[in-house]
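Heads up, the thing below is written out as C-alpha cells.
Computed from the coordinates by the stated procedures, all read-outs in this text should not be read as laboratory data. Predicted, not measured: the structure shown is a model, and the values here were computed from it. Positions of Cβ are backbone-derived with ideal geometry, glycine not excepted, and every protein chain shown enters the neighbour counts.
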Amino acid sequence: MSLNVRTIVTVNDIMSKLSSFRFVLLTSAFVISHSIQVLAAPSILAESAILINARTGGVIFEKNADVRRAPASLTKMMTCILCLESKGMNAEFKVTQAAAATEDSYLKMKGGERLLSGELMREMMMESDNGAAVVVAQNVSGSILKFADRMNEKAKELGCRRTHFSNPHGLTAKWHYSTARDMAKIAAYCMKNPDFRNLVNHQKSVIHWKSPSGRTYKSETTNELLGKYNGANGIKTGWTNAAKGCVAASAKRGKVELIAIVMKSKDHDTRFADAKKLLDYGFSVGGEGTIVEDKPVTPVSKRMPDVKKPGTAVTSTPAGKTNAETTSGTSVLNTGTANAGTTSATPVVSNKPVPRNSGVRMPVLRKPGA
C-alpha cells in the first residue's frame, strides 16, 4: 500500500514539473517574440535612398531609387572592384604627374613615386583620395577614358540601367551619374569580394610607399558608422556640392546583412542618420519585405548640373559641409596661380585644408554611347 502511495506521489510530482516546464517555455517564447520589435517604416530626409538584403538583393525600402543623381565618391566602389579583379592587392603602381596634381589628394604624392595597388585602394576607400583613384585608373587601363569605358561595361554587366561613369573618383562631370538602385547593385557585388570587404572595414590604417621606401601616411575613415553602429562593416561616403551627402552603408547581424544607399542628403550628418534608420528598420523586419516611398521630384533635382567653364575659381566649402570630398559642386580648373587669392579662406575638404597648388584637373566628359 505504501509503495502505491509513493508511486502516485512521484507521478504527481513529475506532472507538476512538466507543467512548470511548459509554462517556462511558453513564457520564454513570448518574451523572445516580443523583444524583437518591428519598427515603423523610416522617414528619410535624403532625396533618394534604398535598402537591400545583401545576400538576396531583395529591396526592403526605397525612395526615389531610380532618379539620376551625382554619385560623388560612391563612384570609387566601382574603381576599387575593377582594380581588385584585374590587378589584385600587390601590383606595383607608378604615380603620374597628372595623378599627383589631382585635387583633394591627401597622400601628397609626387610623380614617379610607387605604391602597391592595395595601399592606394585602402586610402581611396577610407579617406576618398581622388589622386589615388587616378593612379589606379591609369595603371589598370592606361588612361582615365579607357578606365571609364571599363566601368561602364561592368555597370551594364551588373544590370545598372541608369548609370554612366566619366571618371574613377566621382568629381562632378556632366555625363557622370547613377541612381540609388544601381549603386546598391554595385555595392552588393563588391561586398562579395573578400579583399574589398577588408578594405572598407577599417577605421584607421597606415599607408606605405614602395618608393620612396619608408614613407608612410596615417589614414582615417570618413565612414562614421564604423565602430559606432552595431554590425557596421562598410562601405563608402561621398560628398560634392552637386551630389550633397551620400553614403553606402553596410552592416551584418547574425545571418542578415544589409546595404543602405543614401543620396543627396542636405548635409553631412543626415546621411548617416538616414543610413542608421534604414539599417535599424531592415534588421527589425529580418531583412525582408518591401516598402516603396516615391515622392515627387522637382525638375531641378532631375537635371544634372552643367560643367563650369575652365578658369572658375574653387570656392570655400559652406559651413556645415565639413566632410566634403571636393570643394566644388561642379567641375573646375584650378590653375594654382591665376586663381590664387580669389577666395578669402583656404577651401576645406574632409576637415583638411586643400593646398592652393592642388593642380589642374580638367573634367573627363564622354556622352553615353560616344
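Sequence-distant or interchain residues sharing an amide H contact under 5 Å with Trp175, placed H: which?
Arg366
Among the aspartates and glutamates, which have Cα under 17 Å from the Cα of Lys277 when same-chain residues fewer than 8 positions away are ignored?
Of all the aspartates and glutamates, those that pass the test against Lys277 - Cα under 17 Å, at least 8 places apart if same chain - are Glu47, Glu62, Glu224, Glu257, Asp267, Asp269, Glu288, Glu293.
Does the range 218-282 come out rounded, prolate or oblate, given a ≥ b ≥ c as the square roots of the eigenvalues of its C-alpha gyration tensor, rounded meaning a/c under 1.5 and, failing that, prolate meaning a/b above b/c? Write out the running numbers ahead of the final one.
Numbers: a/c = 2.28, a/b = 1.43, b/c = 1.59.
Here the range 218-282 falls in the oblate category.
Rounded, prolate or oblate: which fits the range 147-186, taking a ≥ b ≥ c as square roots of the Cα gyration tensor eigenvalues, rounded meaning a/c under 1.5, else prolate when a/b beats b/c?
Numbers: a/c = 1.99, a/b = 1.29, b/c = 1.54.
The shape class here is oblate.
Using the structure shown, select from Lys94/Lys252; Lys146/Lys255; Lys63/Lys204; Lys63/Lys192; Lys108/Lys192 the pairs with a Cα to Cα distance greater than 28 angstrom.
Working: Lys94/Lys252 36 Å; Lys146/Lys255 39 Å; Lys63/Lys204 33 Å; Lys63/Lys192 25 Å; Lys108/Lys192 32 Å.
Over 28 Å apart, Cα to Cα: Lys94/Lys252; Lys146/Lys255; Lys63/Lys204; Lys108/Lys192.
Amide H neighbours of Ser219 under 5 Å, at least 5 residues apart or on other chains, H built in the peptide plane: list them.
Ser205, Val206, Ile207
How would you rank 44-53, 199-208, 61-70, highest first, on the average number of other Cβ atoms within 10 Å across their residues? Present the calculation step by step, with values, prior to reporting the outcome.
Numbers: 44-53: 25.0, 199-208: 17.6, 61-70: 22.6.
In decreasing order of mean packing, 44-53, 199-208, 61-70 become 44-53, 61-70, 199-208.
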